[in-house]
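Visitor: Just passing along the structure, written as structure tokens.
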Number of protein chains: 2
Amino acid sequence: MKSHFSEARSAEIAIERMGPDAPPRLVEVMSSLVRHMHAFVKETELTPEEWEIGVDFLTKTGQICSQERQEYILLSDVLGVSMLVDAVNNRRPEGATENTVFGPFHVADAPVRAMGDTICLDGKGEPCLFEGKVLDLDGQPIQGACVDVWSDNAEGFYDVQQPGIQPKWNNRGRFLTNEDGRYAFRGIKPTSYPIPDDGPVGKMLESMGRHPYRPAHMHFLVTKPGYQRLVTHTFVEADPYLESDAVFGVKESLIARYERTDAEDAAWRSTFDFVLAPL
Amino acid sequence: MKSHFSEARSAEIAIERMGPDAPPRLVEVMSSLVRHMHAFVKETELTPEEWEIGVDFLTKTGQICSQERQEYILLSDVLGVSMLVDAVNNRRPEGATENTVFGPFHVADAPVRAMGDTICLDGKGEPCLFEGKVLDLDGQPIQGACVDVWSDNAEGFYDVQQPGIQPKWNNRGRFLTNEDGRYAFRGIKPTSYPIPDDGPVGKMLESMGRHPYRPAHMHFLVTKPGYQRLVTHTFVEADPYLESDAVFGVKESLIARYERTDAEDAAWRSTFDFVLAPL
């Protein structure tokens, strides 16, 4: 079969070129990718100058990546692709807590702490009590679930972004639920912060008239054998960026109440129950 | 308007986020891009592991780029995107010679040579006389058109890929058509060669069961004020890679005849007429 180029059949020609021994899933993914890339070029009638801008952008995005910085994940995040990949892979039954993006700041094996302990080690920020239950879809408590939490500090930075400045494990910890499915810990009311915006992705956001901020949130990774791994955040209600999270992480159901308290050790209290779906 | 994430409206939500002051063309291009990226993820139900492979591939493709190497252009080439961008921007009336990809090896301001001169300075390869006419759509000769030509040497490398090994301007030159619209020069019958395949794009081609070869071709850039700039190749007929050019550059109409001759100074003769479309 002839496979000389033609504008009309450009995507099919590129797809048909794959060999008979290419892995079927690779063929499926690359076919979809090629079809959409070609449709994009045809739809926009992309000019050679625009194509060059694109090549230059992709090159610079790769070149700024390092051990400490992953600009391509950032690109995926700000175009809503990361959230979408998360969503299609974590569809859950009604009533189960929804996932959101994992983000780049989780650290495995954070210290396991006792019920009610604090995770804030730098003494900065407004103290907040986080509490609630981990339940199954029938509302029954799940005992011994691991609630792994992490947040930025009062200045908007995670400990791993400021080694030597923040104490190690600042605003991180793991907690186990008791027989009532209850978890509780003290931390700080998180603050909103910008994603790194001094690279190609930041420039792109600016050209598109978008800001780089994420609304304040506490990260949760809740696990228990027999249940689906829950990767989520709870967002601080009334945060000014809830409607415009730079990475589209906000889901209505994940906005948590924050109430003022008159307790000596916590100016705020945020209650949130997590519902795990079975495997 | 609420713009919390939802799987169903993921692309629209990302698109609506662009600000009112973003340039209209940028909004148009980014909207199409986001719509197609999201459709790709939904269609393939891309897994987090596959997404990671993609992020890693894009990062490595950027990081191998240097002054001498542009792996993103190569990626665009092997997925047929470069040819498509060229095609949508160079639609011509019936009868006009078709464009094909420019490629990375053109050098501006090659020496202007006299009718019939040779461009082969390293004495390698099978000598070939290239001749023909530059015509307008009515078949009338165009005098004084600039025919800028370049090819690889007998070993499959362009002079710029082997500085210090090949003579400067080897297999390059500019020729002006005479009052009959005629051009003629001596070069070599070009040879097929692989695109650089030791990077991420080469690995991708291999996984897809594709080879990295381009069929043998002579590059032509034909210009004359008042006419559209023609960027094209003529391909060597019967080349084994004509049906499987790694960058999809072959168009049926660009395959040229190569005849054996018994001339002393040319073992081959390749005749090709170029027809320029008016501006």
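The values are calculated or read from the model by the stated rules, or taken from the named source; none is laboratory data. Predicted model, so just to flag it, every value in this text is computed and none were measured. We place every Cβ from the backbone using ideal geometry, glycine too, and count neighbours over all the protein chains shown. These accessible areas exclude ligands, DNA and RNA; they are computed on the full protein's heavy atoms, side chains included. Shrake-Rupley method; radii C 1.70, N 1.55, O 1.52, S 1.80 Å.
Visitor: Per-residue Cβ counts within 10 Å, from other chains only, averaged over A:88-98: what number is that?
Guide: Across the residues of A:88-98, the mean count of other-chain Cβ atoms within 10 Å is 2.
Visitor: Moving to a separate point now. When only Cα pairs under 8 Å and 6 or more residues apart are kept, what is the percent relative contact order across chain B?
Guide: The value is 21 percent.
Visitor: Right, another one. Any idea what the B:Glu45 label distances to the other copies are, label 7 Å down the Cα→Cβ vector, nm, shortest first?
Guide: 3.9
Visitor: On to the next question. Give the separation of the Cα centroids, segment A:192-245 to segment A:102-177, in Å.
Guide: If we compute the Cα centre of each part, the gap is 16 Å.
Visitor: With equal scatterers on the alpha carbons only and no solvent term, can you work out the Debye log10 of I(q)/I(0) for segment B:10-77 at 0.15 1/Å?
Guide: With no solvent term, the Cα-only Debye profile gives -0.72.
Visitor: What are the membrane-span-like helices in chain B by this rule: whole DSSP H runs, Cα extent along the axis at least 15 Å, mean Kyte-Doolittle hydropathy at least 0.0?
Guide: Those that clear 15 Å and a mean of 0.0 are B:24-44.
Visitor: Further question on the same structure: Can you work out the accessible area per residue across chain A, with the rest of the protein chains kept in place, probe 1.4 Å, in square angstrom?
Guide: Each residue of chain A exposes 45 Å² on average to a 1.4 Å probe.
Visitor: On to the next question. In a GNM of chain B with a 10 Å cut-off on Cα contacts, which of B:Leu230, B:Leu137, B:Leu33 has the highest mean-square fluctuation?
Guide: With Cα springs under 10 Å in chain B, the top fluctuation among B:Leu230, B:Leu137, B:Leu33 is at B:Leu33.
Visitor: Okay, next question. Across peptide B:240-246, how many C-beta atoms of other chains are within 10 Å of each residue C-beta, on average?
Guide: Across B:240-246, the average partner-chain Cβ count within 10 Å equals 2.
Visitor: How many percent of all Cα-Cα pairs in segment A:92-275 sit more than 19 Å apart?
Guide: 58
Visitor: A further question follows. Can you give the net charge of the other residues whose Cβ lies under 14 Å from the Cβ of B:Ile165, counting K and R as +1 and D and E as -1?
Guide: Its environment carries a net charge of -2.
Visitor: With a 1.4 Å probe, how much accessible area is buried between chains B and A, both sides summed, in Å² to the nearest hundred?
Guide: For chain B against chain A, roughly 6700 Å² becomes buried.
Visitor: A follow-up question, please. Would you mind telling me which residue in A:Met218, A:Met18, A:Met115 has the biggest mean-square fluctuation in a Gaussian network model of chain A, where springs connect alpha carbons within a distance under 10 angstrom?
Guide: Checking each option, the largest mean-square fluctuation is seen for A:Met18.
Visitor: Of the residues B:Gly209, B:Gly132, B:Gly181, which exhibits the maximal mean-square fluctuation in a Gaussian network model of chain B defined by a 10 Å Cα contact cut-off?
Guide: B:Gly209
Visitor: Ranked highest first by the average count of other Cβ atoms within 10 Å around their residues, in what order do B:250-257, A:161-168 fall?
Guide: Packing order, densest peptide first, comes out as B:250-257, A:161-168.
Visitor: Could you look at chain A and say what percent of its accessible area is carbon and sulfur, using a 1.4 Å probe and all protein chains?
Guide: The nonpolar share, carbon plus sulfur, comes to 54 percent.
Visitor: Here's another thing I want to ask about it. Give me the net charge of B:Glu50's neighbourhood, meaning all other residues with Cβ under 12 Å from the Cβ of B:Glu50; Lys, Arg count +1, Asp, Glu -1.
Guide: That works out to -4.
Visitor: Take the alpha-carbon centre of segment B:1-20, take the same for segment A:7-72, and report the distance between them in whole Å.
Guide: Result: 24 Å between the Cα centres.
Visitor: Evaluate peptide B:63-73: per residue, the Cβ atoms of other protein chains within 10 Å of its Cβ; return the mean as an integer.
Guide: 3
Visitor: Further question: Select from segment B:1-62 those trypsin sites (Lys or Arg not before Pro) which occupy a DSSP coil region and have at most 12 other Cβ atoms within 10 Å, ordered by residue number.
Guide: Sparse-neighbourhood loop trypsin sites (Lys or Arg not before Pro): B:Lys2.
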